[in-house]
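Enquirer: Here you go, one structure.
The values are calculated or read from the model by the stated rules, or taken from the named source; none is laboratory data. A quick note: this is a predicted structure, and the numbers were derived from the prediction, not measured. As a convention, Cβ positions derive from the backbone with ideal geometry for all residues, glycine included, and neighbour counts pool all protein chains shown.
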Amino acid sequence: MPKLLACYKWTLNEQDIKINPADLSLDSSRAKGKISDFDRNAIEEASLIVEKQGGTVDALSYGTPAVKQSLKDALSRGPNKVYWVGDASAENADAFVTANVLAAAIRKIGSYDFIFCGEGSTDMFYQQTGPRLAQLLGLPCISYVEKLEIEGDVLKATRKLGDCLEQVNVKAPAVVSVLSEINKPRIPTLKQVLGAAKKPNEEIKVSDLGLTPAQLSPKAVRKGARGFVMNRKNVIYKESDASANVAKLAASLAAEGLR
Amino acid sequence: MPGIIVFSEDGALAQQLLTPALELKKTLAQPVAAITIDENTAKTLATLGADSVVLLKAEKATPEALAPEIADFCARESAAVVLIGGTQRGKHVAAQIAAKLQAGLTTDAKTLAVAGNTLQCTRILYAGLAICEEELQLPAVATIPARTFLAPAASGSAASIETLEVKPDTRITVDSSTPIGTSGVDITAAHKLVSVGRGFRKKEDLKLAEELAAALDAEISCTRGIAEDEHWLPLERYIGISGQIVKPDLYLATGLSGQVQHMVGCRESKVIVAINNDERAPIFEAADYGIVGDLYQVLPLLTAALKN
């Protein structure tokens with residue numbers, strides 16, 4: 001029976017972030033948190049396996065102290081228990097720091113047969129955590145997985161490698177990162193939400209992980225985030241007469257040399 | 001000892017990586033080594049300004065086999081900057097190299113420059129809503145998407161080619177490998193695209209877009225929902241942050257609202273045209289030209305107008 005772990009990131013919902021037109025700064029004061037989209041696929045896949053063939057699935061997240069808000073949501077998606085590391089260092093963490101913290105936390109919690117990650121987070125989309133984590137833990141890693149099953153201690157996966165699909169097998173323990181097409185994450189039912197309140201969570205302090213200050217300092221420092229502005233002509237034809245609009249658009253396309 | 005190392009398993013992308021590498025060489029004053037996996041690409045790279053070329057011979061060019069070999073090479077050569085082609089294979093390899101070198105890694109760098117002991121890159125955040133600068137201490141790794149740079153011109157010199165045997169990673173076994181995208185259409189190469197979204201009520205209605213595409217000599221692309229949820233079109237045709245990134249001369253978006261995750265895949269198109277019945281849809285802000293109207297009415301009219 002597989003012992004699984006799903007890692008996830010609690011991110012800001014990018015739909016709630018506004019761009020200040022005056023200086024293009026980002027206003028995230030009204031942005032709500034969410035479990036990063038692709039990480040929901042990771043939690044879902046691990047949970048589906050356990051619901052179908054037994055075993056256990058835990059979840060693990062590293063984030064700012066706000067990560068605490070995610071626990072109930074995570075648990076309502078299937079995991080038996082959630083471990084969380086809420087620390088200010090996460091604010092500026094890059095994938096180097098994130099992988100260091102997750103690897104140290106996993107060593108502390110114990111061993112898993114398979115560790116699931118999403119392809120990348122919806123905010124930073126570094127797409128590094130899975131393969132970096134595997135490297136730090138000395139485990140094999142199968143990334144960009146669009147389909148998988150577990151038979152005994154072997155995980156069979158279909159992975160995407162850009163120009164081809166590969167059918168690959170790996171024996172536990174291993175790390176896998178999944179693509180969004182692998183499943184449709186559930187919308188937790190009322191029963192699952194109520195059940196989540198009874199499930200355990202455990203905080204892991206960064207100070208208990210034995211990491212050096214260097215391991216907690218990002219190697220990639222983000223500076224000067226600003227809104228992306230489209231400089232477009234915005235010539236919009238919106239008369240009630242569709243034929244007139246079409247004639248004007250056809251003329252515009254001709255003027256651009258696109259007919 | 002090459003301080004600048006580029007790698008891609010994709011021949012065209014490997015060539016493109018030499019352009020930023022040669023630019024960084026001007027500041028870093030360190031040689032450039034180019035790594036690839038096929039002999040013809042290796043020969044080409046040798047003529048494009050690389051100071052040395054490494055040909056990796058692998059039975060199977062899996063990321064788990066390539067990553068340790070390239071990471072060891074980078075460590076041996078005390079690499080300062082490592083540039084990797086931003087394919088899925090490349091991103092996996094880059095992450096493991098960065099982990100091994102304990103280095104920072106910028107994903108999908110748009111611009112790169114060396115300043116002092118740092119690599120400065122720009123990249124997008126929040127699915128394209130924002131851009132930011134990242135400053136990485138050297139040694140640093142960056143992945144670069146295809147077509148971010150043009151390949152450099154031939155340098156007139158010929159670099160030496162060294163061959164390295166890649167040991168397989170026996171922990172992962174490959175049962176089979178099936179090429180994808182064999183429909184033969186590479187929408188990233190199309191000059192014009194007609195892109196469809198959920199404004200189409202059923203699959204059969206896509207023929208309206210197909211007819212328009214035929215009149216424009218364009219290919220059809222789509223949103224993630226059309227490919228991934230509806231399965232009306234193959235996955236290789238969907239545009240967006242986790243799909244294809246395109247820069248055609250014309251991107252005609254119809255029946256799609258223009259969410260940022262989609263727009264990041266097409267916003268560098270030369271001309272963007274929107275056809276949508278919702279005047280407040282964000283696609284109009286991103287468009288050069290647009291028609292507010294029912295696509296079921298507008299598309300046939302536009303097709304007819306373009307045929308004349």
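Enquirer: Restrict the check to region B:115-129 and report whether at least one residue is charged (D, E, K, R), buried (at least 18 other Cβ atoms within 10 Å of the Cβ), under 30 Å from B:Ala190 (Cβ atoms) and in contact with a Pro (Cβ under 6 Å, 6 or more places away or on another chain). Break it down stepwise before answering.
Expert: Of the residues in region B:115-129, the ones charged (D, E, K, R) are B:123.
Retained after the next criterion (residues that are buried (at least 18 other Cβ atoms within 10 Å of the Cβ)): B:123.
This time we only want the ones that are under 30 Å from B:Ala190 (Cβ atoms), so: B:123.
Within this subset, residues satisfying the condition of being in contact with a Pro (Cβ under 6 Å, 6 or more places away or on another chain) are none.
Within region B:115-129, none of the residues are charged (D, E, K, R), buried (at least 18 other Cβ atoms within 10 Å of the Cβ), under 30 Å from B:Ala190 (Cβ atoms) and in contact with a Pro (Cβ under 6 Å, 6 or more places away or on another chain).
Enquirer: Among A:Val145, A:Val170, A:Val175, which is part of a strand (DSSP E or B) and either touching a residue at least 40 places away in the same chain (Cβ under 8 Å) or not assigned by TED's automatic domain parsing to the domain that holds A:Arg107 (or both)?
Expert: Numbers: A:Val145 fails: either touching a residue at least 40 places away in the same chain (Cβ under 8 Å) or not assigned by TED's automatic domain parsing to the domain that holds A:Arg107 (or both); A:Val170 fails: either touching a residue at least 40 places away in the same chain (Cβ under 8 Å) or not assigned by TED's automatic domain parsing to the domain that holds A:Arg107 (or both).
Result: A:Val175 is the single residue among A:Val145, A:Val170, A:Val175 that is part of a strand (DSSP E or B) and either touching a residue at least 40 places away in the same chain (Cβ under 8 Å) or not assigned by TED's automatic domain parsing to the domain that holds A:Arg107 (or both).
Enquirer: Determine the pairs where a residue that is in contact (Cβ under 8 Å) with a residue 40 or more places away in the chain and more than 7 Å from chain A (Cβ to nearest Cβ), located within region B:275-298, has a partner that is part of a helix (DSSP H, G or I) and buried (at least 21 other Cβ atoms within 10 Å of the Cβ) with Cβ atoms under 8 Å apart, the partner being 6 or more residues away or on another chain.
Expert: Close Cβ pairs (under 8 Å, with a partner that is part of a helix (DSSP H, G or I) and buried (at least 21 other Cβ atoms within 10 Å of the Cβ)) amount to B:Asn276/B:Ile283; B:Asn276/B:Phe284; B:Asn276/B:Leu295; B:Asn277/B:Leu295; B:Leu295/B:Leu208; B:Tyr296/B:Leu208.
Enquirer: Just to check your reading of the model, which residue among A:Ile35, A:Ile17 is in contact with a strand residue (DSSP E or B) (Cβ under 9 Å, 6 or more places away or on another chain), hydrophobic (A, V, I, L, M, F, W, C), surrounded by 14 or more Cβ atoms within 10 Å (Cβ to Cβ) and under 18 Å from A:Ser180 (Cα atoms)? Walk me through it before giving the result.
Expert: On the way: A:Ile17 fails: under 18 Å from A:Ser180 (Cα atoms).
The match here is A:Ile35.
Enquirer: Within region A:1-23, which residues are of a type in the set (Lys, Arg) and either away from chain B (no Cβ under 14 Å) or in a helix (DSSP H, G or I) (or both)?
Expert: Filtering region A:1-23 for residues of a type in the set (Lys, Arg) gives A:3, A:9, A:18.
Scanning region A:1-23 gives a single hit, A:Lys3.
Enquirer: Going by the structure shown, is A:Leu194 at pLDDT 95 or above, within 14 Å of chain B (Cβ to nearest Cβ) and under 30 Å from A:Thr56 (Cα atoms)?
Expert: Details: at pLDDT 95 or above: yes; within 14 Å of chain B (Cβ to nearest Cβ): no; under 30 Å from A:Thr56 (Cα atoms): yes.
No; evaluated as a whole, the condition is false for this residue.
Enquirer: Select, from A:Val170, A:Val154, A:Val145, the only residue that is within 8 Å of chain B (Cβ to nearest Cβ) and touching a Lys or Arg at 6+ places or on another chain (Cβ under 7 Å). Give the steps one after another, and end with the answer.
Expert: Details: A:Val154 fails: within 8 Å of chain B (Cβ to nearest Cβ); A:Val145 fails: within 8 Å of chain B (Cβ to nearest Cβ).
Going through A:Val170, A:Val154, A:Val145 in turn, the sole match is A:Val170.
Enquirer: In addition: Restrict the check to region B:50-57 and report whether at least one residue is under 27 Å from A:Thr129 (Cα atoms), out of contact with any helix residue (DSSP H, G or I) (no Cβ under 7 Å at 6 or more places or on another chain) and aliphatic (A, V, I, L, M). Quick ask: steps written out before the conclusion?
Expert: Looking only at region B:50-57, we keep the residues that are under 27 Å from A:Thr129 (Cα atoms), and these are B:56.
When the remaining residues are screened for being out of contact with any helix residue (DSSP H, G or I) (no Cβ under 7 Å at 6 or more places or on another chain), the result is none.
Within region B:50-57 (the criterion being under 27 Å from A:Thr129 (Cα atoms), out of contact with any helix residue (DSSP H, G or I) (no Cβ under 7 Å at 6 or more places or on another chain) and aliphatic (A, V, I, L, M)), the answer is no, since none of the residues qualifies.
Enquirer: Mind checking which residues of region B:263-282 are surrounded by fewer than 24 Cβ atoms within 10 Å (Cβ to Cβ), in contact with a strand residue (DSSP E or B) (Cβ under 7 Å, 6 or more places away or on another chain) and outside any loop (DSSP other than H, G, I, E, B)?
Expert: The one that is surrounded by fewer than 24 Cβ atoms within 10 Å (Cβ to Cβ), in contact with a strand residue (DSSP E or B) (Cβ under 7 Å, 6 or more places away or on another chain) and outside any loop (DSSP other than H, G, I, E, B): B:Val271.
Enquirer: Only one of these conditions is not met by B:Glu230: (1) in contact with a Lys or Arg (Cβ under 8 Å, 6 or more places away or on another chain); (2) within 26 Å of A:Ala254 (Cβ to Cβ); (3) without any contact (Cβ under 8 Å) to a residue 40 or more places away in the chain. Which number is it?
Expert: Exception for B:Glu230: condition (2).
Enquirer: With (1) surrounded by fewer than 13 Cβ atoms within 10 Å (Cβ to Cβ); (2) facing another protein chain (nearest Cβ under 9 Å); (3) touching a residue at least 60 places away in the same chain (Cβ under 8 Å) as the list, and A:Gly257 as the residue in question, which single condition is left unmet?
Expert: In the conditions (1) surrounded by fewer than 13 Cβ atoms within 10 Å (Cβ to Cβ); (2) facing another protein chain (nearest Cβ under 9 Å); (3) touching a residue at least 60 places away in the same chain (Cβ under 8 Å), A:Gly257 misses (3) alone.
Enquirer: Checking B:Thr173 against (1) in contact with an Asp or Glu (Cβ under 8 Å, 6 or more places away or on another chain); (2) modelled with pLDDT of 95 or more; (3) among the β-branched types (Val, Ile, Thr): exactly one of these is not met. Which one?
Expert: Failing condition for B:Thr173: (1).
Enquirer: Go through region A:197-250 and tell me which strands (runs of 3 or more DSSP E), entirely inside it, have 1 or more residues that are within 9 Å of chain B (Cβ to nearest Cβ). Break it down stepwise before answering.
Expert: Numbers: elements: A:201-203, A:220-227, A:235-237.
By residue number, A:220-227, A:235-237.
Enquirer: Suppose we filter A:Gly118, A:Gly138, A:Gly110, A:Gly130 for residues that are out of contact with any Asp or Glu (no Cβ under 9 Å at 6 or more places or on another chain) and under 15 Å from B:Ala95 (Cα atoms); which single one remains? Give the steps one after another, and end with the answer.
Expert: Details: A:Gly118 fails: out of contact with any Asp or Glu (no Cβ under 9 Å at 6 or more places or on another chain); A:Gly110 fails: under 15 Å from B:Ala95 (Cα atoms); A:Gly130 fails: out of contact with any Asp or Glu (no Cβ under 9 Å at 6 or more places or on another chain).
Result: A:Gly138 is the single residue among A:Gly118, A:Gly138, A:Gly110, A:Gly130 that is out of contact with any Asp or Glu (no Cβ under 9 Å at 6 or more places or on another chain) and under 15 Å from B:Ala95 (Cα atoms).
Enquirer: So how many residues does region B:230-251 have that are of a type outside the set (S, T, N, Q), over 16 Å from B:Asp205 (Cβ atoms) and within 13 Å of another protein chain (Cβ to nearest Cβ)?
Expert: Number satisfying all stated conditions: 12.
Enquirer: Return only the number of the condition from (1) at pLDDT 95 or above; (2) assigned to a loop (DSSP other than H, G, I, E, B) that B:Val246 does not satisfy.
Expert: Of the numbered conditions (1) at pLDDT 95 or above; (2) assigned to a loop (DSSP other than H, G, I, E, B), the odd one out for B:Val246 is (1).
Enquirer: Could you tell me whether region A:88-109 includes any residue that is in the same structural domain as A:Phe125 (by TED's automatic domain parsing) and closer than 21 Å to A:Thr189 by Cβ?
Expert: So far as region A:88-109 goes, no, none of its residues is in the same structural domain as A:Phe125 (by TED's automatic domain parsing) and closer than 21 Å to A:Thr189 by Cβ.
Enquirer: Follow-up question, since we're still on this one. Can B:Ile239 be described as surrounded by 23 or more Cβ atoms within 10 Å (Cβ to Cβ), in the same structural domain as B:Leu302 (by TED's automatic domain parsing), within 21 Å of A:Lys238 (Cβ to Cβ) and among the aliphatic types (A, V, I, L, M)? Full working, then the answer.
Expert: Working: surrounded by 23 or more Cβ atoms within 10 Å (Cβ to Cβ): yes; in the same structural domain as B:Leu302 (by TED's automatic domain parsing): yes; within 21 Å of A:Lys238 (Cβ to Cβ): no; among the aliphatic types (A, V, I, L, M): yes.
In short, no.
Enquirer: Wholly within region B:111-201, which strands (runs of 3 or more DSSP E) include no fewer than the required count, namely at least 1 residues that are facing another protein chain (nearest Cβ under 9 Å)? Full working, then the answer.
Expert: On the way: elements: B:111-115, B:118-125, B:130-137, B:140-144, B:160-165, B:172-179, B:192-196.
Correct list: B:118-125, B:130-137, B:140-144, B:172-179, B:192-196.
Enquirer: Tally the residues that are surrounded by fewer than 16 Cβ atoms within 10 Å (Cβ to Cβ) and without any contact (Cβ under 8 Å) to a residue 12 or more places away in the chain, restricting the search to region A:195-247.
Expert: 18
Enquirer: Looking at A:Lys52, is it assigned to a helix (DSSP H, G or I), in the same structural domain as A:Gln192 (by TED's automatic domain parsing) and touching a residue at least 12 places away in the same chain (Cβ under 8 Å)? Break it down stepwise before answering.
Expert: Values: assigned to a helix (DSSP H, G or I): yes; in the same structural domain as A:Gln192 (by TED's automatic domain parsing): yes; touching a residue at least 12 places away in the same chain (Cβ under 8 Å): no.
Here the answer is no, as A:Lys52 does not meet what is asked.
Enquirer: Check A:Ser76, A:Ser36, A:Ser70 and return the single one that is of a type outside the set (A, V, I, L, M), out of contact with any Lys or Arg (no Cβ under 6 Å at 6 or more places or on another chain) and under 27 Å from B:Asp108 (Cβ atoms).
Expert: Numbers: A:Ser76 fails: under 27 Å from B:Asp108 (Cβ atoms); A:Ser36 fails: out of contact with any Lys or Arg (no Cβ under 6 Å at 6 or more places or on another chain).
Matching residue, one of A:Ser76, A:Ser36, A:Ser70: A:Ser70.
Enquirer: Has region B:222-238 got any residue that is in a helix (DSSP H, G or I), farther than 24 Å from A:Ile17 by Cα and out of contact with any helix residue (DSSP H, G or I) (no Cβ under 8 Å at 6 or more places or on another chain)? Don't jump to the end; show me each part of the working.
Expert: First pass over region B:222-238, keeping only residues in a helix (DSSP H, G or I): B:224-229, B:235-237.
Adding the requirement that they be farther than 24 Å from A:Ile17 by Cα leaves B:226-229, B:235-237.
Add one more test, that the residue is out of contact with any helix residue (DSSP H, G or I) (no Cβ under 8 Å at 6 or more places or on another chain), and what stays is B:226, B:229.
So far as region B:222-238 goes, yes, one or more of its residues are in a helix (DSSP H, G or I), farther than 24 Å from A:Ile17 by Cα and out of contact with any helix residue (DSSP H, G or I) (no Cβ under 8 Å at 6 or more places or on another chain).
Enquirer: Quick one: would you say B:Leu302 is of a type outside the set (D, E, K, R), closer than 13 Å to A:Leu249 by Cβ and part of a strand (DSSP E or B)? Spell out the reasoning first.
Expert: Details: of a type outside the set (D, E, K, R): yes; closer than 13 Å to A:Leu249 by Cβ: yes; part of a strand (DSSP E or B): no.
In short, no.
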